[in-house]
Amino acid sequence: MLINSVFSYGRGVTPAVWGFLDHRPTFSRVYYILGGTAYYRDSESEFRLLPGMLYILPSDRVYSIWEDENDKLDHLYLHVLTTPKISSPILRDPTTEPLIADLLALIPQYITS
């Protein structure tokens, strides 16, 4: 996979009534979850977005994301274009890759949204 561009990024806690229902984006969303409770669902899978995990969500599949209004999602995000398009969710535990874990630990200090 080649990342062609990063066109939006930041850190945030989701706003009121946040989520996507049967959404098919034109780009992939990368989330590093810092806290809160949110869920992902597509035609093949459903899972909770867990704190400490990195998720790359597809640009080539219809999916929904929603959160617990009482436990807002705190996260780092990037919107990226890739070649080829990502067709299914990618989940990674960054603690298994020290360079990525160190990078993700530093990013919140420098990103403001």
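Tell me yes or no: at least one residue of the range 45-55 is open to solvent by 60 Å² or more (accessible area, probe 1.4 Å) and either in a helix (DSSP H, G or I) or in contact (Cβ under 8 Å) with a residue 40 or more places away in the chain (or both). Lay out the reasoning, then the answer.
Here is the first cut: in the range 45-55, the ones open to solvent by 60 Å² or more (accessible area, probe 1.4 Å) are 46, 48, 50-51.
Still in the running and either in a helix (DSSP H, G or I) or in contact (Cβ under 8 Å) with a residue 40 or more places away in the chain (or both): none.
Checked against the condition, which is being open to solvent by 60 Å² or more (accessible area, probe 1.4 Å) and either in a helix (DSSP H, G or I) or in contact (Cβ under 8 Å) with a residue 40 or more places away in the chain (or both), the range 45-55 yields no hits at all.
This table checks each residue for (1) over 13 Å from the mean Cα position of the chain (by Cα); (2) of a type in the set (D, E, K, R); (3) at pLDDT 90 or above.
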site	(1), (2), (3)
Arg48	no, yes, yes
Tyr55	no, no, yes
Trp66	no, no, yes
Asn70	yes, no, yes
Leu78	no, no, no
Pro89	no, no, yes
Ile100	yes, no, no
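Kindly indicate which of Ile86, Ile3 is assigned to a loop (DSSP other than H, G, I, E, B) and in contact (Cβ under 8 Å) with a residue 60 or more places away in the chain. If you could, list the steps in order and put the result at the bottom.
Values: Ile3 fails: assigned to a loop (DSSP other than H, G, I, E, B).
Exactly one residue qualifies, and that residue is Ile86.
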Checklist entry - What is the one condition in (1) of a type outside the set (Lys, Arg); (2) surrounded by fewer than 14 Cβ atoms within 10 Å (Cβ to Cβ); (3) free of Cβ contacts under 8 Å to residues at least 40 places away in the same chain; (4) under 17 Å from Pro51 (Cβ atoms) that Asp93 does not satisfy? => result (3)
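Being open to solvent by less than 40 Å² (accessible area, probe 1.4 Å), touching a Pro at 6+ places or on another chain (Cβ under 6 Å) and either in contact (Cβ under 8 Å) with a residue 12 or more places away in the chain or on the phi > 0 side of the Ramachandran plot (or both) is the requirement here; does Ile33 meet it? Please lay out each step first, then the result.
Working: open to solvent by less than 40 Å² (accessible area, probe 1.4 Å): yes; touching a Pro at 6+ places or on another chain (Cβ under 6 Å): yes; either in contact (Cβ under 8 Å) with a residue 12 or more places away in the chain or on the phi > 0 side of the Ramachandran plot (or both): yes.
Here the answer is yes, as Ile33 does meet what is asked.
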Checklist entry - How many of the residues making up the range 61-71 are open to solvent by 50 Å² or more (accessible area, probe 1.4 Å) and not aliphatic (A, V, I, L, M)? => result 5
Checklist entry - Does Arg11 satisfy the criteria of being surrounded by 15 or more Cβ atoms within 10 Å (Cβ to Cβ), in a strand (DSSP E or B) and of a type in the set (Lys, Arg)? => result yes
Next on the checklist: When you scan the range 60-80, do you find a residue that is polar (S, T, N, Q) and within 23 Å of Asn4 (Cβ to Cβ), even just one?
Outcome noted: no
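The values are calculated or read from the model by the stated rules, or taken from the named source; none is laboratory data. What you are looking at is a predicted structure, and each value in this text was computed from that prediction instead of being measured. A quick note on method: Cβ atoms are made from the backbone with ideal geometry, for glycine too, and the neighbour counts reach across all protein chains shown. Ligands, DNA and RNA are excluded from the accessible area calculation, which covers all protein heavy atoms including side chains. Shrake-Rupley method; radii C 1.70, N 1.55, O 1.52, S 1.80 Å.
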